[in-house]
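Undergrad: Pasting a structure here, questions to come.
The values are calculated or read from the model by the stated rules, or taken from the named source; none is laboratory data. As the structure is a prediction and not an experimental result, all values here were calculated from the model. We place every Cβ from the backbone using ideal geometry, glycine too, and count neighbours over all the protein chains shown. To get the accessible areas, we keep the full protein, side chains included, count just its heavy atoms, and leave off ligands, DNA and RNA. Shrake-Rupley method; radii C 1.70, N 1.55, O 1.52, S 1.80 Å.
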Amino acid sequence: MKITVFGAGGWGTALAATLAQQHKQVWLYARNVDLVSSMRQERCNQRYLPGVLLPDSIQITADAAAAVKDAAMLVLATPSQGVRQAARQIASLLSPECKLISVAKGLETDSCLRMSEVLIQEIPALSGRLAVLSGPNHAEEVGRKIPSAAVVASVDRELTEQVQDVLMTDYFRIYTNHDVAGVELAGALKNIIALAAGIADGLGFGDNTRAALMTRGLTEMARLGAACGAEAATFSGLAGLGDLIATCTSPHSRNRRAGLAIAAGRSI
């Protein structure tokens, strides 16, 4: 089947490369024509994921209609604040049977909606055909086939199992969950704790401080999640604790790096 990754940032590119390990019809869409041209020529996304080669089987395009047409599954990998615009762009292009996997982490700035809520608001027909993917997954590592794990959540158990089967490789393990709200909120809220961890590290505090922030931060994340209808147990899994560890401690983490910069006196 044809699988399209819509968005060629680091994470979208890493997922396209992962999908191409076992699927022959993988398309990667980028809106930037120059980026598409360079990726086609170099078989690498030097801008967002340098050093990771893209298999020749991946079709790279700046034509949204061509990318989405006849896709059986679409992985929406645009930044969280661009999800609504992307949804409007693809709404009339999706086939009635196409399954959509949202991999963006965050809450929409103006509405505070989760990404799945934004998508259902813009494309009501997606209800029942929508899943979300989250977890401790730095694109730099998944792209290099470093052993990693993620969690996929949907109200439809059959869909989570289908996504699990489609994405699973010998280095990228997928677990399933039914708590969509919990998986999405965990992926968004851990960013706040990671900013704090970066600030603490930048101020010269130690492991004790970071451990306290992460542990008590996780408790607050779970309490807020439960108040928003999520299951507290979800925050102890890959989407919560797993992603929190990776985001608070890794040099790949943009949120931690931002915290370090704030502590050094740079403006937000």
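Undergrad: Scan segment 118-131 residue by residue and report those that are open to solvent by 20 Å² or more (accessible area, probe 1.4 Å) and either in contact (Cβ under 8 Å) with a residue 40 or more places away in the chain or at positive phi (or both).
TA: Passing the criteria: only Gly128.
Undergrad: OK, next. Of all residues in segment 132-178, which are of a type in the set (A, V, I, L, M, F, W, C), closer than 18 Å to Pro55 by Cβ and open to solvent by 20 Å² or more (accessible area, probe 1.4 Å)?
TA: Once the filter is applied, which keeps residues that are of a type in the set (A, V, I, L, M, F, W, C), closer than 18 Å to Pro55 by Cβ and open to solvent by 20 Å² or more (accessible area, probe 1.4 Å), segment 132-178 yields Ile146, Met168.
Undergrad: Next up: In the list Ala230, Ala186, which residue meets the criterion of being part of a helix (DSSP H, G or I) and not charged (D, E, K, R)?
TA: That would be Ala186, the only listed residue that is part of a helix (DSSP H, G or I) and not charged (D, E, K, R).
Undergrad: Give me the residue from segment 1-52 that is assigned to a loop (DSSP other than H, G, I, E, B) and of a type in the set (A, V, I, L, M) and, out of that set, most open to solvent (accessible area, probe 1.4 Å).
TA: Met1
Undergrad: Got at least one residue in segment 217-224 being free of Cβ contacts under 8 Å to residues at least 24 places away in the same chain, assigned to a helix (DSSP H, G or I), touching a helix residue (DSSP H, G or I) at 6+ places or on another chain (Cβ under 6 Å) and open to solvent by 40 Å² or more (accessible area, probe 1.4 Å)?
TA: no
Undergrad: Looking only at residues that are touching a Lys or Arg at 6+ places or on another chain (Cβ under 7 Å) and free of Cβ contacts under 8 Å to residues at least 60 places away in the same chain in segment 57-79, which one is farthest from Leu15 (Cα to Cα)?
TA: Top of the filtered list is Ala62.
Undergrad: Another question, if that's okay. Among the candidates Leu203, Leu189, which residue alone is farther than 30 Å from Gln25 by Cα, touching a helix residue (DSSP H, G or I) at 6+ places or on another chain (Cβ under 6 Å) and open to solvent by 30 Å² or more (accessible area, probe 1.4 Å)?
TA: Leu203
Undergrad: Does Asp243 count as surrounded by 24 or more Cβ atoms within 10 Å (Cβ to Cβ) and of a type in the set (Asp, Glu)?
TA: Here the answer is yes, as Asp243 does meet what is asked.
Let's see how each residue does on (1) touching a strand residue (DSSP E or B) at 6+ places or on another chain (Cβ under 6 Å); (2) acidic (Asp, Glu):
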| position | (1), (2) |
| --- | --- |
| Ser57 | no, no |
| Ile60 | yes, no |
| Gly82 | no, no |
| Ala87 | no, no |
| Ser95 | no, no |
| Thr109 | no, no |
| Leu113 | no, no |
| Glu117 | no, yes |
| Gln121 | no, no |
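Undergrad: Residues being open to solvent by 60 Å² or more (accessible area, probe 1.4 Å) and either within 19 Å of Gln25 (Cβ to Cβ) or among the basic types (Lys, Arg) (or both): count how many of those fall in segment 57-95.
TA: 5
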